[in-house]
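In what follows, a structure is listed as structure tokens, so that the remarks can point back to it.
Every read-out reported here was derived from the displayed coordinates using simple, explicitly stated rules and does not represent laboratory data. Here the structure is a predicted model, which is why all the values come from computation and not from measurement. Positions of Cβ are generated from backbone atoms using ideal geometry, with glycine treated the same way; all protein chains shown enter the neighbour counts.
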Amino acid sequence: MAKITAAEVNALRKTTGAGMMDCKNALVEAEGDSEKAIKILRKKGQKIADKRADRDAAEGVIIAKVSDDKKFGAVLRISCETDFVAKNEEFVNFVTGIVDYAIENKITNIDDLKSAKMGELTISELVLEQLGKIGEKIEIVDYQTISDEMVFSYIHTGNRLATIMGVNKADVADIEIIGKEVNMQIAAMAPIALDKDGIDAETVKKEIEIGMDQARREGKPEAMLEKIAMGKLGKFYKENTLLAQKFVRDNKISVEQYLKNADKDLTVTKFYRLAL
């Protein structure tokens with residue numbers, strides 16, 4: 001059996017991030033060959049992944065960032081099983097590093113993200129390595145991007161909620177403040193669409209049915225039910241679409257009016273809100 005030194009174990013640990021004993025055992029099994037030891041550690045990660053496939057990974061980290069020119073933004077959610085791991089600085093830095101790489105390389109969808117190579121490994125393989133090191137189920141859950149004239153990002157304290165938002169104009173006075181305020185609106189008020197045109201037909205139909213049923217149970221005349229339901233639908237739009245929502249900082253105006261007050265042509269074109 002090859003003699004394994006502390007220096008070799010430490011070098012493998014720095015390369016893989018795995019625990020000292022895991023590295024030592026892998027080197028023993030590989031008879032001192034560090035490349036074989038790395039493969040052994042990856043296989044261990046796959047075995048843990050298989051064993052924990054049915055576990056609930058309800059915790060995690062969500063990171064949102066924008067490019068230096070502020071024309072491309074990305075938001076990524078990677079899940080884990082426990083709050084302990086989600087709050088671990090090394091794990092947060094791992095997720096942040098993936099977002100930085102994705103922005104630098106303008107990766108636009110989750111499949112391309114998973115298959116993209118950071119160094120010698122794909123991002124999916126790096127996630128698997130983390131799984132082997134941490135011993136919890138870890139997976140890339142969601143990844144969204146926006147390209148626009150100007151893109152803003154916001155991460156709520158604790159990395160449990162983050163948003164990205166694009167606007168159609170960058171040459172507007174106080175645009176940085178405006179972007180921050182609207183992004184925080186998205187985080188706080190959780191709109192489901194930009195405007196009523198973004199609400200799918202099935203949701204609209206469901207809301208009308210709910211409105212008619214509520215009116216019927218309140219004893220309203222049958223002939224009035226649809227009209228009442230349409231009124232309730234209008235309220236649903238105002239509460240659940242970003243541009244129609246009351247602006248949190250001044251509920252006398254809507255978000256759309258807040259934007260128009262800054263520039264008559266300014267509007268939000270797209271947003272994503274990811275939350276645990």
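Separation of the alpha carbons by more than 32 angstrom is noted, of Lys232/Lys252; Lys70/Lys232; Lys114/Lys232; Lys117/Lys196; Lys36/Lys70, for Lys70/Lys232; Lys114/Lys232; Lys117/Lys196; Lys36/Lys70.
The angle between the Cα long axis of helix 20-29 and the longest principal axis of the Cα atoms of the chain comes to about 50 degrees, rounded to the nearest 10.
Dipole magnitude for the chain: computed about the Cα centre from +1 point charges on Lys and Arg Cβ and -1 point charges on Asp and Glu Cβ, it is near 500 debye. In the structure shown, the pairs Lys65/Lys205; Lys24/Lys87; Lys71/Lys264; Lys39/Lys137 are assessed against 29 Å; a Cα-Cα span above that value is assigned to Lys65/Lys205. Across region 108-235, the fraction of Cα-Cα pairs farther apart than 25 Å, rounded to a whole number, is 55%.
Do any GluC sites (Glu not before Pro) in region 191-231 lie in a loop, going by DSSP, with at most 16 other beta-carbon atoms within 10 Å of their beta carbon, and if so which? Answer by residue number: Glu218. Annotation note: trypsin sites (Lys or Arg not before Pro) in region 173-276 located in DSSP loop regions with a Cβ neighbour count of at most 16 within 10 Å are Arg249, Lys264.
Would you mind estimating how fast the chain diffuses translationally, via Stokes-Einstein at 20 °C and 1.002 mPa s with the Kirkwood radius over Cα pairs, in µm²/s? Using the Kirkwood radius from Cα pairs, D works out to 99 µm²/s. Size descriptors for region 59-179 (Cα atoms only): Rg and Dmax, in that order, 14.9, 49 Å.
Computed from label points 7 Å out along Cα-Cβ, the spacing between Ala58 and Thr96 is 2.8 nm. Here the Kirkwood formula puts the hydrodynamic radius of region 196-268 at 13.7 Å, using every distinct Cα pair.
Here region 239-276 and region 56-79 have alpha carbon centers that stand 22 Å from each other.
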